[in-house]
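Nothing in this text is a laboratory measurement; each read-out follows from the coordinates by a stated rule. What you see is a predicted model; the values in this text were computed from it and never measured. Positions of Cβ are backbone-derived with ideal geometry, glycine not excepted, and every protein chain shown enters the neighbour counts.
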Amino acid sequence: MTTAAAKAPAVTKEQAEAIYSKGLEGIIAGETAVCSIEQGGLWYRGYEIHDLAQNATFEEVAFLLLEGHKPSSSELARFKAELVSERALPGVVTNFIESMGGNLASGRAVPMDILRSCVSILGHVDPDSQSNEAAAGLRKSKRLLAKIPTMIGHMQNVIDGKAIIGRERGGDESLDMAANLLYMMTGSKPAKEYARVVDVSLILYAEHDFNASTFTSRCIAGTLSDMHGAVAGGIAALKGPLHGGANEMAMEMLKEIMKDCGEGAIGTKAVDDWMQKAFDTKRKLMGFGHRVYKNGDHRAPILHKLGKAVAEKDTKNPGGHAAIKWFLLGEQVQKIMLEKKNIHPNVDFPCGMTYFTMGIPVPQYTPIFVASRVTGWCAHIMEQHANNRIIRPLSKYTGEAPRKW
Ligand code: SDX
């Protein structure tokens, strides 16, 4: 019996060594129809990000990413009704969140880790959890998309020592996702203009090609493991301060500068000196830089403009404080980073200032990023399951030469 000739590797060892790039910088690691990002633009399924931020709602963008086309009005109505019907959490998840009250209050447990665990627990009770079929994947994607904001809302109530808002129905059915998220966290319905700012931030955060957390999810899906496990992996990756965690760290950095230099220092040399010291100590300044964008993150100016407009309303903003100072300080920091390092802000920098102006607690910034990016992750997980080849790159060995034991 002849053995089938071993398939020649697509890339020879020599070619592989020639294209090796640390952190896979510049390397194409797979194909996708979900999103394309270039220096010149960012498109979700062919729609450009400025067009979406201006003319779409987050629910429309979520439908686009999950289903692949712009929803008709009847499709959108059905999709939104399904999401509303899926917002409430199973008791086992709510009970877990409530059991973590002490750990959350002490800081031993952080919201991103609680969220990761909640998604895992959800997987234990989802009827489709072990199926990678397309229809099951879509059902699970919608359940995750609907329930993650509820997890964030309930978590915030527990941190605040308040009764859970919307335990039975997952908030207020008359509100869209962004407004309902704010309502579940605070107990008050946000003004339309503030809900729209959060809605646009969810559009901007929804999807971004093979970023670290999405690629993590694709690697897990690539072994034919399940969607909840792949999303839990994505949450673990997004938490890192070099990735999604940067939106929280960017705000903490601005608070540190304000504390060190004083409020009157905005625009003065004191901030320049603070930044120079950061450069001298090789400190990573959160909210700046990007692996792909070297001339600026298309999303950052969109969110900066929206957030600053809210902050300019002074104490009438949801944060209830003279928030404009954060944007003035942020603009000075941006200017120094550009002039001294030629490094642009990424979307996480304006996000920090904007969410702070909206009165959203800092530890919930990256969980809100999850509430949006779960749409991108699920679109990629379904795409990987639909046309899969296990993702298994090579490594460059730098260890000991072969030796006797
Ligand atoms: C997100 O990939 C995505 O698409 C991610 C994301 C998405 O939507 O999914 O866009 C979301 O994660 C945005 C990035 C958020 N992270 C941060 O803001 C953390 C700070 N940024 C840096 O850690 C860095 O810029 C990264 C992680 C974003 C990019 O890493 P790279 O590509 O390895 O960095 P680089 O090659 O552009 O930097 C070269 C040098 C650095 O050398 P190293 O210290 O890394 O060896 O430029 C300097 C630094 O010397 N530099 C910085 C800096 N970013 C780069 N110096 C100070 N502060 C920074 N922020």
Exercise for review: State the three equivalent ellipsoid semi-axes of segment 141-223, derived from the C-alpha gyration tensor as the square roots of 5 times its eigenvalues, in descending order and whole Å.
Suggested key: 27, 16, 11
Exercise for review: Please work out the C-alpha center-to-center distance from segment 82-119 to segment 213-270 and express it in whole Å.
Suggested key: 19 Å
**Study point:** Dipole moment magnitude, nearest 20 debye, segment 246-357 about Cα centre, only Lys, Arg, Asp, Glu C-beta charged
**Key:** 280 debye
Point to revise | Pairs beyond 19 Å (Cα-Cα), from Lys294/Lys341; Lys282/Lys396; Lys162/Lys325; Lys259/Lys340; Lys162/Lys189 | key: Lys282/Lys396; Lys162/Lys325; Lys259/Lys340
Study note, to complete from the structure: Contact order relative to length for segment 1-120, counting C-alpha pairs under 8 Å separated by 6 or more residues, stands in percent at 10 percent
Practice item. Determine the principal axes of the Cα atoms in the chain, then give the extent along each, sorted from largest to smallest and rounded to whole angstroms. Key: 81, 53, 48
Exercise for review: With springs connecting C-alpha atoms under 10 Å apart, model the chain as a Gaussian network and identify which of Ile324, Ile368, Ile27 has the largest mean-square fluctuation.
Suggested key: Ile27
Study note, to complete from the structure: Computed over the chain, the relative contact order (Cα-Cα under 8 Å, seq sep at least six) in percent reads 21 percent
Revision key, fill the gap. Across Leu138, Leu202, Leu328, the residue with the highest GNM fluctuation in the chain (Cα network, 10 Å cutoff) is Leu328
Practice item. Starting with the fewest neighbours, write out Ser217, Ser188 ranked by other beta-carbon atoms found within 10 Å of each beta-carbon. Key: Ser188, Ser217
Practice item. Using the number of other C-beta atoms within 10 angstrom as an exposure proxy, rank Tyr397, Tyr44 with the fewest first. Key: Tyr397, Tyr44
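Can you put Cys351, Cys261 in order of Cβ neighbours within 10 angstrom, beginning with the fewest?
Ascending number of Cβ neighbours within 10 Å: Cys261, Cys351.
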**Study point:** Inter-label distance, nm, simple model (7 Å from Cα along the C-beta direction), Lys396/Val11
**Key:** 1.2 nm
**Study point:** Calculated P(r) tail over 22 Å for segment 246-357, as whole % of Cα pairs
**Key:** 26 percent
**Study point:** Thr223-Asp172 pseudo-label distance in nm [points 7 Å out on the Cα-to-Cβ vector]
**Key:** 4.4 nm
Check your understanding: Mean separation of Cα pairs under 8 Å and 6+ residues apart, divided by the residue count of segment 246-357: what relative contact order is that in percent?
Key -> 40 percent
Check your understanding: Regarding segment 114-170, what is the average projected area of its C-alpha convex hull, in nm²?
Key -> 4.1 nm²
Study note, to complete from the structure: Helix-only [θ] at 222 nm, the chain, -39500 (n - 2.57) per DSSP H run of 4+, per residue, nearest 500, equals -17500 deg cm²/dmol
**Study point:** Candidate lysines - alpha carbon under 21 Å from Lys192, same-chain residues fewer than 8 apart omitted
**Key:** Lys80, Lys305, Lys308, Lys313, Lys316
Study note, to complete from the structure: In a Gaussian network model of the chain with springs linking alpha carbons closer than 10 Å, the residue among Lys147, Lys313, Lys239 that fluctuates most is Lys313
Revision key, fill the gap. P(r) over all Cα-Cα pairs of segment 161-318, 10 Å bins from 0 to the longest distance, whole percent per bin, short to long, reads 9, 24, 34, 25, 8, 1
Check your understanding: Per residue and in Å³, how big is the convex hull formed by the alpha-carbon atoms of segment 1-103?
Key -> 332 Å³
